[in-house]
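Derivation of every value follows stated rules applied to the coordinates shown; laboratory data play no part. A quick note: this is a predicted structure, and the numbers were derived from the prediction, not measured. Note that each Cβ is placed from the backbone with ideal geometry, even for glycine, and that neighbours are counted across all protein chains shown.
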Amino acid sequence: MLISVENITKYFGARPILKNICFSIEPGERIGLIGANGCGKSTLLRLITGQDSFEEGEIRTERDTVIGYLAQDAGLDGERTVMEEMRSVFRRVLDCEKEMRETENAMAKLTDHSDEKYRQLEARYAALNDFFTAHDGYGVEVRIRTVLGGMGFPPAVETQIVSSMSGGEKTRLALAKLLLEAPDLLILDV
């Protein structure tokens, strides 16, 4: 079980918008949620993702379950290029790479490789490289380009400013970004 929703009740003021909602989602399942506008579909999804609170019931997830949520508002940074927006998924890995380069430069300035400072830098570099390698840092650019291509974006889009894209392109871009995060449970509110 990825997630279990048990007897969830949510009120807006005194009016119940959701009452005694129960379901579970198992690995590999694909589920569609259909209903009239204003019936609480987006509210339920916000409850599942922890973005809103509820008055009664319980939501349980399997330990370490990562939930990816694509809201109706894509939440992209319109000032970034497409590639900058996609790279933001890998901020920790790319920050690690930057620190690796800085450490390399600091090591290159030291001529005595037996010096304590050099050995400290060498140990720091090894730890950074272990993290970078474990998180597939060397494959980040390929992963981004593969997902963008799979979502129908040509290579030329990489330098395009996000705010200049159409609404449909932004939605596809937000989905591409979410796919790069590789969540266990993918929730799309579109």
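Once R0 is set to 41 Å, what does the formula 1/(1 + (r/R0)^6) return for the Cβ-Cβ distance between Gln120 and Ala182, expressed as a FRET efficiency to the nearest 0.05? Numbers along the way, then the final one.
Details: r = 34 Å, r/R0 = 0.84.
Efficiency at R0 = 41 Å is approximately 0.75.
Take every DSSP beta bridge with both residues inside the chain and express the antiparallel ones as a percent of the total, to the nearest 5.
Roughly 75 percent of the DSSP beta bridges within the chain come out antiparallel.
Quick one: if the Förster radius is 45 Å, what FRET efficiency do Glu29 and Thr146 give, using the C-beta to C-beta distance and rounding to 0.05? The partial results should precede the final answer.
On the way: r = 26 Å, r/R0 = 0.57.
FRET efficiency, Glu29 to Thr146: 0.95.
Which whole number of Å³ per residue matches the convex hull of the alpha-carbon atoms in the range 31-141? Spell out each step's value before the answer.
On the way: hull volume 21.8 nm³, N = 111.
Hull volume normalised by residue count: 196 Å³.
Please report Rg over Rh for the chain, where both radii come from the alpha carbon positions and Rh follows the Kirkwood definition.
On the way: Rg = 22.1 Å, Rh = 19.9 Å.
That ratio is 1.11, to two decimals.
Calculate, in whole percent, how much of the Cα-Cα pair population of the range 90-149 lies beyond 20 Å. Don't jump to the answer; show the numbers that get you there.
Numbers: 625 of 1770 pairs.
I get 35 percent for the Cα pairs in the range 90-149 exceeding 20 Å.
Given only helices, namely DSSP H runs of n ≥ 4 each adding -39500 (n - 2.57), what is the per-residue ellipticity at 222 nm of the chain, to the nearest 500 deg cm²/dmol? Present the calculation step by step, with values, prior to reporting the outcome.
Numbers: 6 runs with 77 residues, N = 190.
Calculated mean residue ellipticity at 222 nm is -13000 deg cm²/dmol.
So how much slack lies between His113 and Gln51, counting 0.36 nm per residue of separation and subtracting their Cα-Cα distance, in nm?
Values: separation 62, 0.36 × 62 = 22.32 nm, distance 5.17 nm.
Stretched out fully, the His113 to Gln51 stretch lengthens by 17.1 nm.
Using a Förster radius of 22 Å, what is the FRET efficiency between Ala134 and Ser4 based on their Cβ-Cβ separation? Nearest 0.05, please.
Numbers: r = 31 Å, r/R0 = 1.42.
Computed FRET efficiency for Ala134 and Ser4: 0.10.
How many angstrom separate the Cα center of the range 35-65 from the Cα center of the range 93-123?
Cα centroid of the range 35-65 versus Cα centroid of the range 93-123: 47 Å apart.
Relative to the first principal axis of the alpha-carbon coordinates of the chain, what is the inclination of helix 167-181, with its axis defined by its Cα atoms, in degrees from 0 to 90 and to the nearest 10?
60
Which percent of the Cα-Cα distances in the range 3-65 go past 16 Å? Can you show the working numbers first?
On the way: 894 of 1953 pairs.
Tail of the P(r) past 16 Å holds 46 percent of the pairs.
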